[in-house]
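**Q** Let me begin by handing over the structure; questions about it come next.
The values are calculated or read from the model by the stated rules, or taken from the named source; none is laboratory data. Owing to the predicted nature of the structure, the values given are computational and were not obtained by experimental measurement. Backbone-built Cβ (ideal geometry, glycine too); neighbour counts: all protein chains shown. The accessibility values were calculated without ligands, DNA or RNA, using every heavy atom of the protein model including side chains. Shrake-Rupley method; radii C 1.70, N 1.55, O 1.52, S 1.80 Å.
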Amino acid sequence: MTMPFARPIGLFDSGVGGVSIWRQIRALMPHEHTLYLADSRNAPYGQKSREEILALSLKNTEYLLERGAKIIVLACNTATTNAVKELRARYAVPFIGIEPAIKPAALQSKTCKVGVLATAGTINSALFAQTASNFRNIRFIEQIGHGLVPLIEAGQMESPAMEALLQEYLQPMIAADIDHLVLGCTHYPFLSAQIRRILPPHIDIIDSGAAVARQTRAVLQQHGLLADATQEGQALFYTNADETVLRTLVGGDGSVMRADF
Ligand code: DGL
């Protein structure tokens, strides 16, 4: 009963952001081993071309597959919107992607105005345009979060620079009467407290983490790949840059190592 059930769930992100997704997966499936790649040396992905994002996603996928990943979670909206189709066509393992949660926000919105904060790579992708076009009654106020990911990667969540950027990005959305704000980048849940302080209380903040965790469990179940419930899940995190911020975000919940990928 060691294989394939002992194989890990592989996750990758351009950096530390996908830890927000890993937390949800961990909470839902504590028996699963997980292996997380933080490609922080190449962050941010959001301003790269589609070809570059695809090449980095292939590199990360190969690294996880070489280490036995049974499923791959793209804990990155930018990688999903630009590369998930090609990855699914190329590899046999299942892939779980993440997209901005505009559907639940659009369905719940009463003002019919929804704010979306995401990277340029996500907002400018064909997949995002296609999903948004399903909700023609909703006005999406889209804002590229220029500069947010580098500050998070540097551990500067609570800094005057972060406060200034968030004010600049969120005040126009408040003025436009949004009642939901979609966090369309896996780094941004680490800014929830700062964002909450700026938004009036009636504006809901939505991200996709819990839905991605449920989808991962459902797909593992479909493929007969769920871990043995007697197993205690081990969590390994690899980063190709300085480990400090990743260590802080993971806390005592896993082992963080420097790796060359
Ligand atoms: N955390 C990623 C996302 O969800 C990527 C951010 C970036 O590297 O620009 O989009």
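**Q** Please list the helices of the chain that count as membrane-span-like by this rule: a mean Kyte-Doolittle hydropathy of at least 0.0 together with Cα atoms stretching 15 Å or more along the helix axis, each helix being a complete DSSP H run.
**A** Details: long enough: 50-66 (24 Å, -0.20); 77-90 (19 Å, -0.86); 160-175 (22 Å, 0.41); 209-222 (20 Å, -0.09).
Span-like helices here: 160-175.
**Q** If the elastic network links every pair of Cα atoms under 10 Å, which of Gln234, Gln194, Gln222 fluctuates the most in the Gaussian network model of the chain?
**A** Judging by the Gaussian network model, the answer is Gln222.
**Q** Let me ask something else. Quick check on the range 23-146: what are the equivalent-ellipsoid semi-axes from the Cα gyration tensor, as sqrt(5λ), descending, whole Å?
**A** Values: eigenvalues 152, 62, 35 Å².
Listed largest to smallest, the semi-axes of the range 23-146 are 28, 18, 13 Å.
**Q** Next question, about the same structure. Which whole-number percentage describes the relative contact order of the chain, with Cα contacts under 8 Å and a sequence gap of 6 or more? Please report the intermediate quantities before stating the final value.
**A** Numbers: 493 pairs, mean separation 71.5, N = 261.
Relative CO of the chain lands at 27 percent.
**Q** Accessible area of the chain with a 1.4 Å probe: how many percent of it is carbon plus sulfur? Don't skip to the answer; put the middle values down first.
**A** Values: 5880 of 11190 Å².
Of all accessible area on the chain, carbon and sulfur atoms account for 53 percent.
**Q** Here is a further query. Averaged per residue, what accessible area in Å² does the chain show with a 1.4 Å probe, protein chains only? Kindly include the intermediate steps, with their values, before the conclusion.
**A** On the way: 11190 Å² over 261 residues.
Result: 43 Å² of accessible area for each residue.
**Q** Of the residues Ile152, Ile21, Ile174, which exhibits the maximal mean-square fluctuation in a Gaussian network model of the chain defined by a 10 Å Cα contact cut-off?
**A** Highest fluctuation among the options: Ile174.
**Q** With +1 on each Lys and Arg Cβ and -1 on each Asp and Glu Cβ, and nothing else charged, work out how big the dipole of the chain is about its Cα centre, in Debye to the nearest 20. Please report the intermediate quantities before stating the final value.
**A** Details: 23 positive and 24 negative charges, 136 e Å.
I would put it at about 660 debye.
**Q** Against the globular-protein guess of 2.2 N^0.38 Å, express the Cα radius of gyration of the range 103-261 as a ratio, rounded to two decimals.
**A** Values: Rg = 18.1 Å, N = 159, 2.2 N^0.38 = 15.1 Å.
Cα Rg divided by the expected 2.2 N^0.38 Å: 1.20.
**Q** Can you show me the helix-derived [θ] at 222 nm for the chain, built from DSSP H runs with n ≥ 4 at -39,500 (n - 2.57) apiece and divided by the number of residues, rounded to the nearest 500.
**A** Numbers: 11 runs with 109 residues, N = 261.
The helix-only estimate for the chain comes to -12000 deg cm²/dmol at 222 nm.
**Q** What are the principal axis extents of the Cα atoms in the range 196-261, in Å, biggest first?
**A** Principal-axis extents of the range 196-261 (Cα, largest first): 44, 36, 24 Å.
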